[in-house]
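Novice: After the structure tokens below, expect a handful of questions from me.
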Amino acid sequence: MLSVMEIKKKLPKDFVEELYSLNSPLLADKILSGMAGKRNTTLRVNTLKYNIQDLMRYFKNINIKFERVNFYNDALIIKNTNEKDIQRLDIYEKGYIYLQSLSSMVPPLVLEPKKDEKILDMASAPGSKTTQMASIMNNTGIVVANELDKIRCERLKFNIENQGVTNTKIENGYGEKLGDKYPGYFDRVLLDTPCSGEGRFIADNAGTYRNWSKKTVRELSKIQKKLIKSGYNALKANGVMVYSTCTLNLEENENILEWALENLNIKLLDINLNIKGAIKANSTNRANEIGKAIKILPSKEMEGFFVAKIKKIN
């Protein structure tokens with residue numbers, strides 16, 4: 001296991017400096033420690049085809065050790081097997097389970113899609129959250145799953161079909177235009193936005209941070225503002241949006257919420273999930289409101305994530 005000092009030397013200098021300027025030295029050290037090594041394999045059962053009790057029995061029979069997840073009954077942390085071995089199992093090929101990071105499972109749980117509702121997933125490939133929401137809704141209602149990249153759209157389509165999802169319509173286009181295309185149409189909107197991915201950094205894997213730069217963060221924050229406005233326009237009055245990223249900086253997280261509070265008719269809602277390793281968002285000028293959003297710290301089990309629950313005020 002790498003020390004914090006070793007991790008600091010490997011990760012981008014600008015990222016490390018900003019991390020320590022935003023957080024106490026103790027918390028910054030903790031965040032870097034969560035980037036020390038590979039994370040555990042995590043997955044959820046696809047309740048459209050299978051159930052958690054049968055899955056646990058199946059794993060026990062083939063000696064796969066696992067741990068339950070306190071905030072999600074349908075998820076497991078795998079203790080003695082890697083992703084490649086899981087992918088060889090027939091239950092994986094049949095779409096009975098879905099490999100997904102625990103943090104990635106949080107936004108749909110916070111959004112709480114209900115049966116027969118209209119849901120928009122604005123940046124949906126490869127379909128992890130789309131298929132999770134479809135299973136929560138038991139294939140009722142409609143999920144419009146949008147993805148800009150054509151190749152990623154194909155992966156999205158494959159996962160939707162493999163998971164037995166039938167309530168989802170795939171769109172291939174700019175998320176920024178969805179608000180104009182579907183004004184006031186959706187009950188709920190999930191915006192798991194393209195981001196700089198700081199929460200996924202692993203110090204020994206340069207591929208996780210090679211493309212990071214302050215310039216990229218700035219460019220992404222401009223897109224994020226356009227997307228959140230588009231999602232707001234697509235929402236019904238009193239509808240709910242979840243804004244999430246897998247990054248840790250202010251510019252793509254708290255500052256986007258500040259901008260939204262100043263420019264859109266919204267309020268932030270409390271997040272009532274008891275997640276180990278989650279803290280309040282960083283204080284800003286609107287600390288009372290922004291503090292309702294959560295930051296999940298990177299760890300052996302979870303990627304770093306930011307999640308906010310937003311209500312469109314009538």
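The values are calculated or read from the model by the stated rules, or taken from the named source; none is laboratory data. What you see is a predicted model; the values in this text were computed from it and never measured. Positions of Cβ are backbone-derived with ideal geometry, glycine not excepted, and every protein chain shown enters the neighbour counts.
Novice: Which condition from (1) small (Gly, Ala, Ser); (2) assigned to a helix (DSSP H, G or I); (3) over 29 Å from Lys9 (Cβ atoms) is the one that Gly184 breaks?
Specialist: Unmet for Gly184, out of (1) small (Gly, Ala, Ser); (2) assigned to a helix (DSSP H, G or I); (3) over 29 Å from Lys9 (Cβ atoms): (2).
Novice: Also, I was wondering about something else. Please go through the range 17-45 and pick out each residue that is at pLDDT below 95 and hydrophobic (A, V, I, L, M, F, W, C).
Specialist: Scanning the range 17-45 gives a single hit, Leu22.
Novice: Would you mind stating whether Ser196 is under 15 Å from the mean Cα position of the chain (by Cα), of a type in the set (S, T, N, Q) and within 25 Å of Ala145 (Cα to Cα)?
Specialist: Criteria met by Ser196.
Novice: While we're on this one: Step by step: first the residues of the range 274-314, then only those that are surrounded by fewer than 16 Cβ atoms within 10 Å (Cβ to Cβ) and aliphatic (A, V, I, L, M), then the one that is farthest from Ser101 (Cα to Cα). Which residue is that?
Specialist: Ile313
Novice: Can you tell which of Ala234, Ala260, Ala206 is of a type in the set (A, V, I, L, M) and surrounded by fewer than 16 Cβ atoms within 10 Å (Cβ to Cβ)?
Specialist: Just a single option satisfies the conditions, and that option is Ala206.
Novice: Residues being assigned to a strand (DSSP E or B), hydrophobic (A, V, I, L, M, F, W, C) and within 30 Å of Ala36 (Cβ to Cβ): count how many of those fall in the range 262-314.
Specialist: 8
Novice: OK, next. Just to be sure I understand the filter: pairs with C-beta atoms under 9 Å, separated by 6 or more residues or on different chains, first member in the range 38-64 and within 17 Å of Gln132 (Cα to Cα), second member in a loop (DSSP other than H, G, I, E, B) and of a type in the set (Phe, Trp, Tyr). Which pairs pass?
Specialist: These pairs meet every condition: Val45/Tyr96; Asn46/Tyr96; Lys49/Tyr96; Tyr50/Tyr96; Leu55/Tyr96.
Novice: What are the residues in the range 63-107 that are among the aromatic types (Phe, Trp, Tyr), crowded, with 20+ Cβ neighbours inside 10 Å and farther than 18 Å from Phe305 by Cβ, if any?
Specialist: Phe66, Tyr96, listed by residue number.
Novice: Filter the range 227-252 for residues that are closer than 18 Å to Lys181 by Cα and touching a Gly at 6+ places or on another chain (Cβ under 8 Å) and give the result.
Specialist: Those that are closer than 18 Å to Lys181 by Cα and touching a Gly at 6+ places or on another chain (Cβ under 8 Å): Leu227, Lys229, Ser230, Gly231, Tyr232, Asn233, Ala234, Leu235, Lys236, Ala237, Met241.
Novice: Sticking with this one: If I filter the range 10-30 for residues that are under 16 Å from Pro298 (Cβ atoms) and surrounded by fewer than 12 Cβ atoms within 10 Å (Cβ to Cβ), do I get at least one hit?
Specialist: Yes, that holds for at least one residue.
Novice: What pairs can you find where one residue is in the range 168-190 and farther than 22 Å from Lys309 by Cβ and in contact (Cβ under 8 Å) with a residue 24 or more places away in the chain, the other is among the small types (Gly, Ala, Ser) and part of a strand (DSSP E or B), and their Cβ atoms are less than 6 Å apart, with a gap of 6+ or different chains?
Specialist: Taking only residues 6 or more apart or on different chains, the pairs are Thr168/Ala145; Ile170/Ala145.
Novice: Give me the residue from the range 43-62 that is over 19 Å from Leu102 (Cβ atoms) and hydrophobic (A, V, I, L, M, F, W, C) and, out of that set, surrounded by the most Cβ atoms within 10 Å (Cβ to Cβ).
Specialist: Filtering first and then ranking leaves Leu48.
Novice: Can you name every residue in the range 207-227 that is farther than 19 Å from Ser103 by Cα, of a type outside the set (Lys, Arg) and either in a loop (DSSP other than H, G, I, E, B) or without any contact (Cβ under 8 Å) to a residue 40 or more places away in the chain (or both)?
Specialist: Gly207, Asn211, Trp212, Ser213, Thr216, Val217, Glu219, Leu220, Ser221, Gln224
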